[in-house]
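The values are calculated or read from the model by the stated rules, or taken from the named source; none is laboratory data. For clarity, every value in this text was computed on a predicted model and none was experimentally measured. As a convention, Cβ positions derive from the backbone with ideal geometry for all residues, glycine included, and neighbour counts pool all protein chains shown. The protein model used for the area step is the full one, side chains on, heavy atoms only, and it has no ligands, DNA or RNA in it. Shrake-Rupley method; radii C 1.70, N 1.55, O 1.52, S 1.80 Å.
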Amino acid sequence: MEGRMMVARLPPIEGGRTISPRAGQQFEGLTGPSYKLDDKIHPLPNPKSLRPYVDTRSGDVDTWPAHASGQAGASTTLMLSKNKSLILYDEEAMGKPKMIPKPRFLEQLESYLKKELRALGVTDVNANELRLQAHREVFEYLIEDFKTYKPLLSGIKNEYEMMLAYQRQVIRELEPLKQMLVTVSEQCDQKIMSIREEEKQEIKDLKAENKRLLEKIQNMQNERLDLVAEVKKLEDDLAETYKNYRDELDSKKMLLQEMNDMRDQKDDLMASKESAEMEAQDDPVTLKIALRQAREDEKNATKRLNDMITNYYDVIPRRDFETLEAKHNALVESTETLKDDFDKLKLEHDTLLDIQKQVTKQRDEFYVELEQMKRASTPRPDWEKCADVVSGGVVRWKELSDGKTSNDLVDALLSEIQAGGPVDSGGAEYFDGQGTGPSVPKYLRFDGPVRNRRLGKRDCLLLIRDIWREKAAHDASKAEGEMRDSMADFLDTYLSRRFAMEQMKVEWAYNLHDACQKYSSDELVGLFWGVLENNVDEEIYHDQMTKIEQLLNQLTSIDVEKGNPGKITKNELISGIQTVLPNVDEESMAALVKGAELELDAQNAEEIDYKEMFKEDDEGRFGPFLDEVLKWMKQDRLNFGEEVKQKLEGSSKVEVDEMKQLVMGAAPNLDTPQLLKILAWVYETTPENVPSAEAAELSRAIERLQNCHVPRS
């Protein structure tokens, strides 16, 4: 053995040579079948030239069963000696033959491995570099002998070597971290011990404070139980008092009902007497119209009376209610304060185990919170409930209540209640005529008293809707380019055509004028009133109707392209809005979509029935979606006026040329007649006198511009 063990080869395979009957047949070469291995063809001899039982017989390979691998090394045997003691014997020492013979090469490798392990003194099986080196050399001999498997075995050996080298490197890198970890652990233990020594006294103080607070909590719980008992007693007294008030209220209502019945009987007798006296003098057509109107008024009044009886059935006197409410609020406030104090003390008890700094900080926070709750403990009314009774629902109430104080909300609610009924019980019985002078509007020119019909809001809206319809038909009959009649002049024509009697015409004119003033807070009435008083451009109304019609046509065309299913998606709704109203921003678009979802109750629906959003009621009101569209158009006009105002900031008056440049900059597609019409509206003159018009006050000009229709691009 010279640095490398010489390995003996296996003996050749023995084969029978006396059995073949064709031993003398000549070999013809590799002319038989072939097989392909690793893209290389290997031919075989012709089967006919092979000798039976000689060339076709399998060789006798020196095999060794796999189950005998456990006998590779010398094993030990446990035996009983003569003196009845157990003795361990080695098979090699005893000369015991092996039961299953091994291949010679395997025996040589095992023998070499045993000698090397004995020489190195590492026969015990454990992790050792010397044992690894001996096994590495034996594995190299094994690789060298098996030429066929040498690449595979060499690759396996290299992988193991690389992994061992990597693990050694990792171990070397972790050794310093292990030492550092031990050092840090010792330092942390020492620090923990020192902190514990420092906090012993503090923990003792906190325990004493905890005990004191527990006693305080117990005392407060006892006080709370006493207060609960007192509150229960007061609730019983309040229930008894409320029962007495209900009895008094029922008696009062019955008395009022009898008085109202007697008053109604008296009024009916007087009315029948007056009607009998006037029957011979009045026109039958007029009496028929008056009778129909009286029946409608009576029906509406009865409905409202029933609603008021139903709504105010459980109402008690305000003075008594305020007294009871004050007592109740005092008790509730006292109970809530005690409950809050109890919760705070419980929370403070849970946090006493923290450090003293946190306890002090929480105590300060609780004190500030207590002061804030004392200031904010006054109960606030739930204004959202008003949306259920206000005409227009949630959207209308949101518009009325946005940014207003409680006093303003009360005023708005009273105004809506007053304006919501069909009959106004207040006001004088007659209006005073304004005369026939040129400064009086044509439809109001009359001398003498005029009967006050107390026109309700609904009747006012119905009349306004009919006036707009007749005005559109009247303007359509004019020649192209001819100026429209003003609303004041057309109203006189409309009333004259509808009411043949001059007295009826004057009555309806003055009553409509009074109703418009009274209900001007309503969007539809306010727009008509502004046009009638020449404070709002009539083109605004026509532009609104045009935009609504264009939007409906656009959505219909989208529906037709899909096959006319009658519904569109929300994305298609947004696309249609952007086509007709291209200046809508994201926030306004979200409000428009929300209005559509609210009107159709389609928050979670994929498609919406868009045609339902363009329907109006008999008063001419639209749904939430079109209300949002009109609101955006109004806000767009106001924003345009503010932009012009910012550009003219610092000036007290604005000249015609300056306003002309600003309008043309916002609407470059305007032709000359349209531009002159807008400037004439702003400067309150005629188109012919625009070049010579004097400078207007900035605030007045901006106000007129915001109430004018400017078709901006």
Practice problem: For the stretch 285-301, state whether one or more residues are at pLDDT below 85, out of contact with any Lys or Arg (no Cβ under 7 Å at 6 or more places or on another chain) and surrounded by fewer than 13 Cβ atoms within 10 Å (Cβ to Cβ). | Solution: yes
Practice problem: Residue by residue through the stretch 477-514, note down the ones that are open to solvent by 80 Å² or more (accessible area, probe 1.4 Å) and in a helix (DSSP H, G or I). | Solution: ARG497, ARG498, GLU502
Exercise. Go through the stretch 310-325 residue by residue and tally those that are β-branched (Val, Ile, Thr) and surrounded by 13 or more Cβ atoms within 10 Å (Cβ to Cβ).
Key: 1
Quiz item: Can we say GLU384 is at pLDDT 75 or above and open to solvent by 80 Å² or more (accessible area, probe 1.4 Å)?
Solution: no
Practice problem: Considering each residue of the stretch 594-625, count those that are open to solvent by 20 Å² or more (accessible area, probe 1.4 Å), farther than 22 Å from ARG458 by Cα and hydrophobic (A, V, I, L, M, F, W, C), and give that number. | Solution: 3
Quiz item: From GLU688, GLU694, which residue is assigned to a loop (DSSP other than H, G, I, E, B), loosely packed, with under 12 Cβ neighbours inside 10 Å and at pLDDT 85 or above?
Solution: GLU694
Quiz item: Can you pull out the residues in the stretch 643-666 that are surrounded by 12 or more Cβ atoms within 10 Å (Cβ to Cβ) and touching a residue at least 40 places away in the same chain (Cβ under 8 Å)?
Solution: VAL644, LYS645, LEU648, SER651, LYS653, VAL654, GLU655, MET659, VAL663, ALA666
Quiz item: When VAL682 is evaluated against the numbered criteria (1) without any contact (Cβ under 8 Å) to a residue 40 or more places away in the chain; (2) more than 24 Å from GLU538 (Cβ to Cβ), which criterion, by number, is the only one it fails?
Solution: (2)
Quiz prompt | Members of the stretch 148-164 that are of a type in the set (A, V, I, L, M, F, W, C) and either over 18 Å from GLU137 (Cβ atoms) or in contact with a Leu (Cβ under 6 Å, 6 or more places away or on another chain) (or both) | solution = LEU152, MET162, MET163
Quiz item: With respect to LEU679, is the statement that it is of a type in the set (A, V, I, L, M, F, W, C), surrounded by 15 or more Cβ atoms within 10 Å (Cβ to Cβ) and farther than 19 Å from GLY530 by Cα true?
Solution: no
Quiz item: Between residues in the stretch 109-131 that are touching a residue at least 24 places away in the same chain (Cβ under 8 Å) and residues that are outside any loop (DSSP other than H, G, I, E, B) and open to solvent by less than 70 Å² (accessible area, probe 1.4 Å), which pairs lie under 8 Å by C-beta distance while being six or more apart or on different chains?
Solution: LEU109/VAL138; LEU109/TYR141; LEU109/LEU142; TYR112/VAL138; TYR112/TYR141; LEU113/ALA134; LEU113/VAL138
Quiz prompt | Those residues of the stretch 557-568 which are at pLDDT 85 or above and surrounded by fewer than 15 Cβ atoms within 10 Å (Cβ to Cβ), in sequence order | solution = SER557, VAL560, GLU561
Practice problem: May I ask you to verify whether ASN222 is free of Cβ contacts under 8 Å to residues at least 12 places away in the same chain, assigned to a helix (DSSP H, G or I), within 30 Å of ASP354 (Cα to Cα) and polar (S, T, N, Q)? | Solution: yes
Practice problem: Determine whether GLU703 is touching a residue at least 40 places away in the same chain (Cβ under 8 Å) and open to solvent by 40 Å² or more (accessible area, probe 1.4 Å). | Solution: yes
Quiz item: Going by the conditions given, is ASP340 within 41 Å of the chain's Cα centre (by Cα), in a helix (DSSP H, G or I) and farther than 30 Å from GLY456 by Cα?
Solution: yes
Quiz item: Using beta carbons and a limit of 6 Å, which pairs, at least six apart or on different chains, have the first residue in the stretch 444-473 and within 14 Å of ASP617 (Cβ to Cβ) and the second one among the aromatic types (Phe, Trp, Tyr)?
Solution: LYS457/TYR519; ILE464/PHE528
Quiz item: In the stretch 528-574, what count of residues is obtained for those that are of a type in the set (D, E, K, R), closer than 18 Å to PRO711 by Cβ and not in a helix (DSSP H, G or I)?
Solution: 1
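Give the stretch 271-284 a look and list any residue that's open to solvent by less than 90 Å² (accessible area, probe 1.4 Å) and either at pLDDT 85 or above or in a helix (DSSP H, G or I) (or both), or say none.
Step one: filter the stretch 271-284 for residues open to solvent by less than 90 Å² (accessible area, probe 1.4 Å), giving 271-272, 275-276, 282-283.
Passing the criteria: ALA271, SER272, SER275, ALA276.
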Exercise. Give the residue, chosen from SER377, SER415, that is part of a loop (DSSP other than H, G, I, E, B) and modelled with pLDDT under 75.
Key: SER377
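The rows are residues; the columns are (1) outside any helix (DSSP H, G or I); (2) open to solvent by 50 Å² or more (accessible area, probe 1.4 Å); (3) of a type outside the set (Ser, Thr, Tyr).
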| position | (1), (2), (3) |
| --- | --- |
| GLU110 | no, no, yes |
| ALA119 | no, yes, yes |
| THR123 | yes, yes, no |
| LEU130 | no, yes, yes |
| GLN133 | no, yes, yes |
| ARG136 | no, no, yes |
| ILE143 | no, no, yes |
| PRO151 | no, yes, yes |
| SER154 | no, no, no |
Exercise. Identify the residue in the stretch 560-599 that is among the aliphatic types (A, V, I, L, M) and within 19 Å of the chain's Cα centre (by Cα) and, among all such residues, is nearest to VAL629 (Cα to Cα).
Key: LEU592
Quiz item: Which residue pairs have Cβ atoms under 8 Å apart, sit 6 or more places apart or on different chains, and have a first residue in the stretch 240-258 that is more than 14 Å from PHE321 (Cβ to Cβ) and a second that is open to solvent by 60 Å² or more (accessible area, probe 1.4 Å)?
Solution: LYS253/TYR313
Exercise. Count, please, the residues in the stretch 331-357 that happen to be closer than 27 Å to ILE203 by Cβ, open to solvent by 80 Å² or more (accessible area, probe 1.4 Å) and not hydrophobic (A, V, I, L, M, F, W, C).
Key: 4
Exercise. Spot the failing condition for TYR519; the list is (1) open to solvent by 10 Å² or more (accessible area, probe 1.4 Å); (2) under 24 Å from GLY433 (Cβ atoms), and only one is missed.
Key: (1)
